[in-house]
1. Identify all residues within segment 1-49 that are touching a strand residue (DSSP E or B) at 6+ places or on another chain (Cβ under 6 Å), surrounded by fewer than 22 Cβ atoms within 10 Å (Cβ to Cβ) and under 19 Å from ASP119 (Cβ atoms); write none if there are none.
2. I'd like the full set of residues that are touching a residue at least 60 places away in the same chain (Cβ under 8 Å) and over 19 Å from MET1 (Cβ atoms), limited to segment 19-64.
3. For segment 27-36, state whether one or more residues are over 18 Å from ALA73 (Cα atoms) and either modelled with pLDDT under 95 or not aliphatic (A, V, I, L, M) (or both).
4. Quick one: THR87 ticks every box in (1) over 15 Å from the mean Cα position of the chain (by Cα); (2) among the polar types (S, T, N, Q); (3) under 23 Å from LEU134 (Cα atoms); (4) modelled with pLDDT under 95 except a single one, so which number is it?
5. Might you check whether a residue that is surrounded by 13 or more Cβ atoms within 10 Å (Cβ to Cβ), more than 16 Å from THR3 (Cα to Cα) and at pLDDT 90 or above occurs anywhere in segment 65-82?
6. Restricting to segment 13-58, name every residue that is among the hydroxyl-bearing types (Ser, Thr, Tyr) and more than 19 Å from HIS99 (Cβ to Cβ).
Amino acid sequence: MKTVLILCTGNSCRSQMAEVLVNHDLAGQVRALSAGTRPQPKVADGAIAALKDAGLNTDGLHPKDVDAVMHEAIDLVVTVCDNAKETCPVFPRPVKAIHLPFHDPHGEPLESFLKVRDDIRARLLPAIKQHLGL
């Protein structure tokens, strides 16, 4: 099974939704982790609500610092915000990386979180499958 790290700044919204969607939709093929370069204290309420709206499990979601996943055998890094792309750390071994930015819905109504969730599902999952040869 391949491991994908989804990286953003706060690890409180886009990367969390992406982690849950990848782990659900590509179960058995891909294991997703998410982390942030500057993690926030908690996952955004809108992100949790958007995931629950799709019937997805949000138990145990919490922001993580990228340092917490540096020891993992990562096959692909996906940065989902421009800031994370600019501050992406150097990994202990060469890792393929792609940048696929998504709108940041923080401070916006639930509808914005739902749109970002659906955009992640529509664009990120096919990109991961393509880059991992699945």
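The values are calculated or read from the model by the stated rules, or taken from the named source; none is laboratory data. Worth saying up front: this structure is predicted, and the values here are computed from it rather than measured. When we count neighbours, we look across all protein chains shown, and the Cβ atoms used for this are built from the backbone with ideal geometry, even at glycine.
1. Selection gives ASN23, VAL30.
2. Across segment 19-64, the qualifying residues are ALA44, GLY46, ALA47, ALA49, ALA50, LEU51, ASP53, ALA54.
3. Quick first cut of segment 27-36, residues over 18 Å from ALA73 (Cα atoms) only: none.
No: zero hits.
4. All conditions are met except number (3).
5. Yes: segment 65-82 contains one or more residues that are surrounded by 13 or more Cβ atoms within 10 Å (Cβ to Cβ), more than 16 Å from THR3 (Cα to Cα) and at pLDDT 90 or above.
6. Matches in segment 13-58: THR58 only.
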